[in-house]
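> Supplied in structure tokens, the structure appears directly below.
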Amino acid sequence: MRVSVVNLGVNNIKSVMGALEHIGQAAHVAAEPRELEAICLIPGIGNFGFVSEVMRKSGWMDAIRSHAQRGRPVIGICLGMQLLCRSSAEAPDSAGLDLLPDAVLDLRSLPVGGERLPVTGWRKLESEVPAWNGLNMYFNHSYGIAADHPHCLASYRYGAARIAAVVGRDNILGLQFHPEKSGLQGLKLLENCIDHVSGEGV
């Protein structure tokens, strides 16, 4: 199956496309919703409110929701993961895709203690998925989801908090970290995640 990398004009297309090419995954950049193919990948940097408005005006919100409702895979990276949710504390009046029915939190609301925010740097994943457990991934975020989320598949520790690193259900998967910036481990995990959300296991 070919991956369609959603181009919103504000996200890190080049590095994600490079990662997909490195793992031998067929992919293309989708500039318009009509170009969406088998697997939808939403990379992301920026503000939840601004990007969700761009998605709404350009037709991507409806297109991705329809794609998911037909059982086709959707993967979100960093802000792309947060956009899978209903809403975010970063922009409370803006709507997400609502593919995961929860709100994204300001990490200051979690017991991070004296740790600096945003979270920037490498963190070790804790997961019951053997292929993911113990991997070091690169994070850069101020908003996220607590690890007690019912769809949390992997987490990391920050101060006294446990923060979701991977969330998902069925054909929906979100990665809070940047696999494309996480070296060879990140590339392997990205490959595993594509297999996972495509129903080919990990």
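The values are calculated or read from the model by the stated rules, or taken from the named source; none is laboratory data. What you are looking at is a predicted structure, and each value in this text was computed from that prediction instead of being measured. Ideal geometry is used to build each Cβ from the backbone, glycine not excepted, and the neighbour counts take in all protein chains shown.
> Check the range 76-97 and report whether any residue there is of a type in the set (Val, Ile, Thr), touching a helix residue (DSSP H, G or I) at 6+ places or on another chain (Cβ under 6 Å) and within 18 Å of Ile42 (Cβ to Cβ). So that I can check it myself, show each step before the final result.
First pass over the range 76-97, keeping only residues of a type in the set (Val, Ile, Thr): 77.
Subset that is touching a helix residue (DSSP H, G or I) at 6+ places or on another chain (Cβ under 6 Å): none.
No; the residues of the range 76-97 include none that is of a type in the set (Val, Ile, Thr), touching a helix residue (DSSP H, G or I) at 6+ places or on another chain (Cβ under 6 Å) and within 18 Å of Ile42 (Cβ to Cβ).
> Something else now. Hey, could you check the range 123-148 for residues that are of a type in the set (Phe, Trp, Tyr) and closer than 22 Å to His196 by Cβ and say which is farthest from the chain's Cα centre (by Cα)?
Going through the qualifying residues, I end up with Trp132.
> Which one of these does Ala131 not meet: (1) surrounded by 22 or more Cβ atoms within 10 Å (Cβ to Cβ); (2) in a loop (DSSP other than H, G, I, E, B); (3) in contact with a His (Cβ under 9 Å, 6 or more places away or on another chain)?
So the condition that Ala131 fails would be (1).
> How many of the residues making up the range 2-42 are surrounded by 14 or more Cβ atoms within 10 Å (Cβ to Cβ), in a loop (DSSP other than H, G, I, E, B) and in contact with an Asp or Glu (Cβ under 8 Å, 6 or more places away or on another chain)?
3
> Which condition does Pro111 not pass, out of (1) in a loop (DSSP other than H, G, I, E, B); (2) under 14 Å from the mean Cα position of the chain (by Cα), if it passes all the others?
Condition (2) is where Pro111 drops out.
> Mind telling me which of the residues Arg65, Arg123, Arg72 ends up being basic (Lys, Arg), part of a strand (DSSP E or B) and modelled with pLDDT of 95 or more?
Every option except Arg123 fails the conditions.
> Please go through the range 119-144 and give me each residue that is closer than 24 Å to Gly46 by Cβ and touching a helix residue (DSSP H, G or I) at 6+ places or on another chain (Cβ under 8 Å), ordered by number.
Val119, Met137, Tyr138, His141, Ser142, Tyr143, Gly144
> Looking at Gly46, Gly96, can you tell me which residue is over 15 Å from Val197 (Cβ atoms) and surrounded by 22 or more Cβ atoms within 10 Å (Cβ to Cβ)?
Going through Gly46, Gly96 in turn, the sole match is Gly96.
> Another question about this same structure. For the range 121-144, give me each residue that is within 21 Å of Arg108 (Cβ to Cβ) and either touching a residue at least 60 places away in the same chain (Cβ under 8 Å) or of a type in the set (Asp, Glu) (or both).
Within the range 121-144, Asn140, His141, Tyr143, Gly144 qualify.
> Criterion first (at pLDDT below 95, over 19 Å from Tyr158 (Cα atoms) and β-branched (Val, Ile, Thr)) does Ile45 satisfy it?
yes
> Within the range 135-175, which strands (runs of 3 or more DSSP E) (wholly inside it) include 3 or more residues that are closer than 15 Å to Met81 by Cα and of a type in the set (Gly, Ala, Ser)?
Of the strands (runs of 3 or more DSSP E) lying wholly inside the range 135-175, those with at least 3 residues that are closer than 15 Å to Met81 by Cα and of a type in the set (Gly, Ala, Ser) span 161-169.
> Counting just the residues of the range 90-108 that are in contact (Cβ under 8 Å) with a residue 40 or more places away in the chain and part of a strand (DSSP E or B), which one comes out nearest to Asp62 (Cα to Cα)?
Leu100
> While we're on this one: Do you know which residues across the range 7-25 are out of contact with any Gly (no Cβ under 7 Å at 6 or more places or on another chain) and either farther than 11 Å from Pro43 by Cβ or without any contact (Cβ under 8 Å) to a residue 60 or more places away in the chain (or both)?
Asn7, Leu8, Gly9, Ile13, Lys14, Met17, Gly18, Glu21, His22, Ile23, Gly24, Gln25, listed by residue number.
> I've got another one for you. Would you be able to tell me the number of residues in the range 145-160 that are closer than 11 Å to Leu110 by Cα and crowded, with 20+ Cβ neighbours inside 10 Å?
The total comes to 2.
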